[in-house]
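The values are calculated or read from the model by the stated rules, or taken from the named source; none is laboratory data. Computed from a predicted structure; not experimentally measured. Glycine also receives a Cβ, built like all others from the backbone with ideal geometry; neighbour counts cover every protein chain displayed. Heads up: the accessible areas ignore ligands, DNA and RNA and are worked out on the full protein's heavy atoms, side chains in. Shrake-Rupley method; radii C 1.70, N 1.55, O 1.52, S 1.80 Å.
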Amino acid sequence: MTRPRTAATFSPPVMEARRWLAGVTHPQDRPLINVSQAAPVDPPPQGLRQAMADTALTRDDAHLYGPVLGLPELRDELASRTAQHYAGTISPAQVAITSGCNQAFAAAIAALCADGDEVILPTPWYFNHKMWLDMSGVGTVALPTDTGLLPDPDHAASLITDKTRAIALVTPNNPSGVEYPLDLVQAFFDLARKNGLKLIVDETYRDFDSRSGPPHGLFQDPDWHDTLIHLYSFSKAYRLTGHRVGAMIASEERLSEVEKFLDTVTICPSQIGQHAALWGMQNLKQWLAGERDEILARRAAITDNMPKLAANGWQLLGLGGYFAYMQHPFATSSAALAPQLVKNASVLTLPGTMFYPNNDPTGQKHLRIAFANLDAAGISTLFDRLAALPPR
């Protein structure tokens, strides 16, 4: 008997982690600290919410089907802003708006791969990428990273076969937070081009990159579109997670195939969400700069508090974007430790085992901390609780 596509993969990790909360009561002086999911909990700023309300009330077309590849005005704005950010050249026809960045990845794979094809993913990987590959009948080839959680292009080259169709990178990385150096991204681009592959670069967290200037020079190549498929999300930048607005930048030929997928799944992205993203890009530049500053301040708070844990054998392996990626000192696997933390420390986090193949023990020593929803005081409290854990 054949199995359905969904049976080919694991349960959604964030949903699985939430089930650990069932039946657990937290002391009044120790409320739950949830660092399991990388999503803003605050609503969009007032001006953006007002713009969304105005759109809903005054634009009849916002309640109808829109273009499959997105609002022309938003495609044009994103093309212009992205080209400016990367000092490159992008046309609106090379931009598609999607229902979140996860859908952009799904559409890219659907337009690129057949059953039995393979995609190379560095580990620790973003679990939703792995899940979609599983459900698509596409093999995931794990690319181990070094002690700095950076993938090696030479190692990737050794994994390429006649089944390989793409290499997928996430930078700043989810789950590790690591920002991939410009020359490393370029090296993977060159490797993909040399072997006739696509390089998928997911930059969901690019607005919170700590570096100034373009994080890579791929769009400066006049023929970038023969190799690069670029993914982006408006969700984190403008707190639009519930409105599902993402994007893909790729060749026009690739987008003509992507359009088939999008038309059969959602027909069009959320109209109100797209208008919100457009308004945000046009009006919230300074506000977004402040959001970035706040995330960088929380990142600094992680570094400042790390001595509390280092004294007990913890290590900070990666830090950036919304994430701190930690190595714990306990003999217990993180798969067992993470549920115990809910009961013993009122902390909900994800174990590293969710970001590695089942046969790779590396993740047993890791925990991912999604710190974007904690202020400096909250980060200090989190580290105090982890430091107080008894040896295991």
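Return the only residue of LEU184, LEU143 being in contact with a helix residue (DSSP H, G or I) (Cβ under 8 Å, 6 or more places away or on another chain), in a helix (DSSP H, G or I) and of a type in the set (A, V, I, L, M, F, W, C).
Among LEU184, LEU143, only LEU184 is in contact with a helix residue (DSSP H, G or I) (Cβ under 8 Å, 6 or more places away or on another chain), in a helix (DSSP H, G or I) and of a type in the set (A, V, I, L, M, F, W, C).
Please note which strands (runs of 3 or more DSSP E) are completely contained in region 296-392 and include at least 3 residues that are open to solvent by 30 Å² or more (accessible area, probe 1.4 Å). Once the strands (runs of 3 or more DSSP E) in region 296-392 are filtered for at least 3 residues that are open to solvent by 30 Å² or more (accessible area, probe 1.4 Å), what remains is 315-320. Restricting attention to region 1-34 and to residues that are among the aliphatic types (A, V, I, L, M) and in a loop (DSSP other than H, G, I, E, B), the residue that is surrounded by the fewest Cβ atoms within 10 Å (Cβ to Cβ) turns out to be MET1.
Sub-9 Å Cβ pairs linking a first residue in region 1-30 that is more than 24 Å from LYS343 (Cα to Cα) to a second residue that is among the hydroxyl-bearing types (Ser, Thr, Tyr) and surrounded by 11 or more Cβ atoms within 10 Å (Cβ to Cβ), at least 6 apart or interchain, are ARG5/SER136; ALA8/SER136, ordered by first then second residue.
Return the residue satisfying two criteria in turn: it lies in region 180-211 and is of a type in the set (Ser, Thr, Tyr) and surrounded by 17 or more Cβ atoms within 10 Å (Cβ to Cβ), and of such residues it is nearest to ARG298 (Cα to Cα). Step through it out loud before you land on a result.
Taking region 180-211 and keeping what is of a type in the set (Ser, Thr, Tyr), we get 180, 204-205, 210.
Still in the list and also surrounded by 17 or more Cβ atoms within 10 Å (Cβ to Cβ): 180, 204-205.
Working: TYR180: 20, THR204: 18, TYR205: 15 Å.
Only one residue tops the list, namely TYR205.
In a residue-by-residue description of region 142-162, the property of being under 22 Å from the mean Cα position of the chain (by Cα), under 19 Å from ALA8 (Cβ atoms) and modelled with pLDDT of 95 or more applies to at least one position. Applying a threshold of 9 Å to beta carbon distances and a minimum spacing of six or more residues, or different chains, the list of pairs starting in region 367-383 at a residue that is at pLDDT 95 or above and ending at one that is acidic (Asp, Glu) and in a helix (DSSP H, G or I) reads ILE379/ASP304; SER380/ASP304. Yes or no: region 74-94 includes at least one residue that is open to solvent by 20 Å² or more (accessible area, probe 1.4 Å), of a type in the set (A, V, I, L, M, F, W, C), part of a helix (DSSP H, G or I) and modelled with pLDDT of 95 or more. Yes.
Of the residues making up region 226-256, just one is open to solvent by 10 Å² or more (accessible area, probe 1.4 Å), among the hydroxyl-bearing types (Ser, Thr, Tyr) and assigned to a loop (DSSP other than H, G, I, E, B), namely SER251. Counting only residues that are surrounded by fewer than 15 Cβ atoms within 10 Å (Cβ to Cβ), in a helix (DSSP H, G or I) and among the aliphatic types (A, V, I, L, M), region 43-73 holds 3 of them. Of all the listed residues (PRO214, PRO175), the sole one being under 13 Å from GLY321 (Cα atoms) and either in contact (Cβ under 8 Å) with a residue 40 or more places away in the chain or open to solvent by less than 20 Å² (accessible area, probe 1.4 Å) (or both) is PRO175.
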